[in-house]
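Structure, as structure tokens:
The values are calculated or read from the model by the stated rules, or taken from the named source; none is laboratory data. The structure displayed is predicted, hence computed values, not measured ones. Backbone-built Cβ (ideal geometry, glycine too); neighbour counts: all protein chains shown. Accessible surface areas use protein heavy atoms only, side chains included; no ligands, DNA or RNA. Shrake-Rupley method; radii C 1.70, N 1.55, O 1.52, S 1.80 Å.
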Amino acid sequence: MAEVVPDVKLLDYPHDPLAVIYVAYRTCYSALPPQEIRRRIDEGKISREKMIEFLERWLPTGHGSPKQQVNFTFGLSGMSRITSHQFVRHHVGIVFDQQSQRYVEFKGADFPYVVPPTWVKAGMVDKYVALMSQAARLYQEALDAGIPGEDARYVLPHSAATNIQFTVNFEELLHIADQRLCTRAQWEIRHFWAKTRAEVGRVCPELKKFIQPKCGEFRLGYCDETLADYQHCPLSRVRPHKSMIPTRPTPIPSSD
Ligand SMILES: Cc1cc2nc3c(=O)[nH]c(=O)nc-3n(C[C@H](O)[C@H](O)[C@H](O)COP(=O)(O)OP(=O)(O)OC[C@H]3O[C@@H](n4cnc5c(N)ncnc54)[C@H](O)[C@@H]3O)c2cc1C
């Protein structure tokens, strides 16, 4: 019986994601065409520092489309079906292809599954594994009795592991980080998104710092959860709660 190792690997990405996003923004605010802006980057006339400084100002704004110009493709394995169900609820700017439990049969009374660390900590992992073994045996018995895989799988638990290839644009990657790097998200999806962030950092370290939970300085800049949740969060030591943000007076509309 196989307990799985969670893994995420960046499989494909643009040659220079930072330049793609920068050129998209600059095209909107410059007399120069994008080809010329890109030529200046490739010739070193526009430095990496300058592009980052520019993005620090523009990424947190409502001008979102430049972030959608960059797509990253990841291979993911060892995620429980519980967490994949949470993950595939994201649907704007992201595409998934997930291993089918209808067409893939797990042979030999064996299927990969995830063990939450809390079961280990509570000293109950043996009972957990015993139940997985029982489910696997019944699954195999069902297959042997001629029940098709698509129906035999009904005895597989939520902990059964799955594999996914997904492609996500940078705006949605940031949005998922808003929700899933937040300590209110469940540990498994939080770990997967932290690994996803690390993978982006491996090929484009300049973009990694923008991938934050929603309270990060490049996102909302404060926690918008309840005060009770905020007080339980370790990030409350460094980030304010919404109730601590002074309310600004409503601007008087101008007449022109
Ligand atoms: C801590 C936590 C707890 C949760 N608990 C539950 C739960 O108990 N039950 C449950 O069912 N779900 C739950 N969810 C899932 C949640 O409601 C969302 O479905 C999920 O997080 C996907 O996020 P999203 O809607 O932002 O979708 P994304 O696809 O990531 O959307 C990106 C953004 O696009 C916009 N957008 C997306 N779809 C539309 C649309 N149809 N129309 C207009 N704008 C759109 C929104 O601005 C959205 O934020 C939970 C999520 C979190 C993080």
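What a 1.4 Å probe finds exposed on the range 1-93 is 52% carbon and sulfur by accessible area, rounded to a whole percent. Under 5 Å between amide hydrogens, built in the peptide plane, is the criterion, and for residue 2 it picks out 111, 113 among residues at least 5 positions away or on other chains.
Residues 247, 196, 226, ordered by accessible area of protein heavy atoms at a 1.4 angstrom probe radius and largest first, appear as 247, 226, 196. Heavy atoms of the protein chains alone define the surface here; on that basis the range 49-143 has 56 Å² accessible area per residue at 1.4 Å probe size. In a simple Cβ point-charge model (Lys, Arg +1; Asp, Glu -1; nothing else charged), the range 122-220 has a dipole of about 520 debye relative to its Cα centre.
Summing charges over all other residues whose Cβ lies under 11 Å from the Cβ of residue 226, with Lys and Arg as +1 and Asp and Glu as -1, gives -1.
Here the range 102-159 is assigned +1 on the Cβ of each Lys and Arg and -1 on the Cβ of each Asp and Glu. Its dipole about the Cα centre then comes out at about 260 debye.
Around the Cα centre of the chain, unit charges on the Cβ atoms of Lys, Arg, Asp and Glu (plus for the first two, minus for the last two) sum to a dipole of about 760 debye. Rounded to the nearest Hz, the phi-derived 3J(HN,Hα) couplings of the range 34-41 under the Karplus curve 6.51 cos²θ - 1.76 cosθ + 1.60 (θ = phi - 60°) are x, 4, 6, 4, 5, 4, 5, 5, where x marks glycine and proline.
Among residues other than residue 190 whose Cβ falls under 14 Å from its Cβ, what is the net charge (Lys/Arg +1, Asp/Glu -1)?
Taking every Cβ under 14 Å from that of residue 190, the sum is +3.
At full extension, residue 184 and residue 40 could sit 47.5 nm farther apart than now, given 0.36 nm per residue minus the alpha carbon distance.
Of the residues 147, 94, the one with the largest accessible area comes first in the ranking 147, 94, computed with a 1.4 Å probe on protein heavy atoms.
Projecting label points 7 angstrom from Cα along Cα→Cβ for residue 158 and residue 133 puts them 2.4 nm apart. Could you point to the residue in 142, 25, 168 farthest towards the positive end of the chain's charge dipole, with +1 and -1 charges on the Cβ of Lys/Arg and Asp/Glu respectively? Most positive-ward Cα: 25.
In terms of the mean number of neighbouring beta-carbon atoms within 10 Å, the peptides 44-54, 81-91, 59-69, 171-181 order highest first as 171-181, 81-91, 59-69, 44-54.
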